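Reviewing the structure listed below.
Every number here is computed from the coordinates shown, using simple stated rules; none is lab data. Not measured: the values here are computed from a predicted model. Don't worry about glycine lacking a Cβ; one is built from the backbone with ideal geometry, like all the others, and counts go over all protein chains shown.
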Amino acid sequence: MTPRVIFLGGLGRSGTTLLERLLGELPGVAPLGEVVHLWERGVLAGEPCGCGRAFPACPFWRQVGEKAFGGWTPGLAGRVMALRRRVDRTRRLGRAHADLPEYVRAYRLLYEAAAGVAGAGLVVDSSKHASLAYCLLEGGLDPHIVQVVREPRAVAHSWGRTVERPENGRPMTRWGPVRTAVHWTAQNLALELLARRGARVTRIRYEDLVAAPGDTLGALAGELGLPPSRLPFLHGTTAHLTTAHTASGNPMRFGAGPIELSRDDTWRHGLPRRRQSLVAALTWPLRARYGYGSAT
Ligand SMILES: [Zn+2]
């Protein structure tokens, strides 16, 4: 049986990994990480799972691979990556491709197997790209999309920083303010377009999540149709996280134990004023619609 799929969308550095980890603490929910990158980074490169083991050595993913595909192979990963290049592109949004059913079938098999191995009725894919959400929708998977938005100047500051990838010690991709602003707008507009095409899209703001995690997560769980839960892993703004088998994603997917949720406002001093103004202008008026004010 196909599990219900929660797809976390938005631009990177907007809090999707944090939200995925919090959702993963709810009963019956299995967080999978950014499945879009699993084929290359997990299967081909053998990068670590969120549990710390290399992807090929993680017992969870090994079972998922066996169940879904009779095992992970470079041929399978290469095929899905080739399909992705043809089918799953932002510029193709709204235009179905003949290879779309085969591409979506790989995701369907993976989600089904992961739900089965985890004993969960609901899986979370934090791949973020609106183009993949569109493919899943067109392929009949009916994901519930959660659009995570964050103040674009904070997002731009984060994309401008040098951060090392724990997976291989190399720096994460860096973007300048203009590129970040353009992508922030494009991804968010694309997710809104999906809502207009009939997708279920729930929007949450990173700032609300870290300011009032219990209220925000409780309301979201209700929207997702999850039974009311006491959220025992949350104490005020402290979250007690357990290990999750997330295949790829932000460094925040590693580690377990208590973490303090606090809003990162370092952009106010760290991002030069001219860059703040540039990002603010380029992301207007969407930014205001999401409640990030009119001040530049
Ligand atoms: Zn694992």
Legend entry - At R0 = 30 Å, FRET efficiency that the Cβ-Cβ distance of residue 105 and residue 45 yields, to 0.05: 0.80
Inset, instruction - Any chance you could check the Cα centroid distance between the stretch 192-266 and the stretch 7-55 for me, in angstrom? - result: 13 Å
Legend entry - Rounded to the nearest 20 debye, dipole of the chain from Cβ charges on Lys, Arg, Asp, Glu: 1080 debye
Inset, instruction - Putting +1 on Lys and Arg Cβ atoms and -1 on Asp and Glu Cβ atoms, find which of 222, 22, 97 reaches farthest to the positive end of the dipole of the chain. - result: 97
Inset, instruction - Obtain the nm distance between the two label points defined at residue 219 and residue 178 by a simple spin-label model: each point lies 7 Å from its Cα along the Cα-to-C-beta direction. - result: 3.7 nm
Legend entry - Theoretical gain in end-to-end length, residue 53 to residue 211 [0.36 nm per residue, Cα-Cα removed]: 53.6 nm
Inset, instruction - Compare the peptides 148-160, 63-75 by average per-residue count of other Cβ atoms within 10 angstrom and give them in order, highest first. - result: 148-160, 63-75
Legend entry - Spin-label model distance (nm) - residue 170 vs residue 67, 7 Å beyond Cα toward Cβ: 3.2 nm
Legend entry - Cβ-Cβ FRET estimate between residue 242 and residue 284, R0 fixed at 35 Å, reported to 0.05: 0.30
Inset, instruction - Please sort by residue number the trypsin sites (Lys or Arg not before Pro) in the stretch 172-226 whose DSSP state is loop and whose Cβ has at most 13 other Cβ atoms within 10 Å. - result: 174, 197
Inset, instruction - Taking the Cα centre of the stretch 149-240 as origin, work out the dipole magnitude from +1 charges on Lys and Arg Cβ and -1 charges on Asp and Glu Cβ, in debye rounded to 20. - result: 340 debye
Legend entry - Debye-sum result for the chain in log10 I(q)/I(0), which assumes one identical scatterer on each alpha carbon, at q = 0.08, 0.12, 0.13, 0.14 Å⁻¹: -0.33, -0.77, -0.91, -1.08
Inset, instruction - For every helix of n ≥ 4 consecutive DSSP H residues, a contribution of -39,500 (n - 2.57) applies; sum these over the chain, divide by its total residues, and give [θ] at 222 nm rounded to the nearest 500 deg cm²/dmol. - result: -12500 deg cm²/dmol
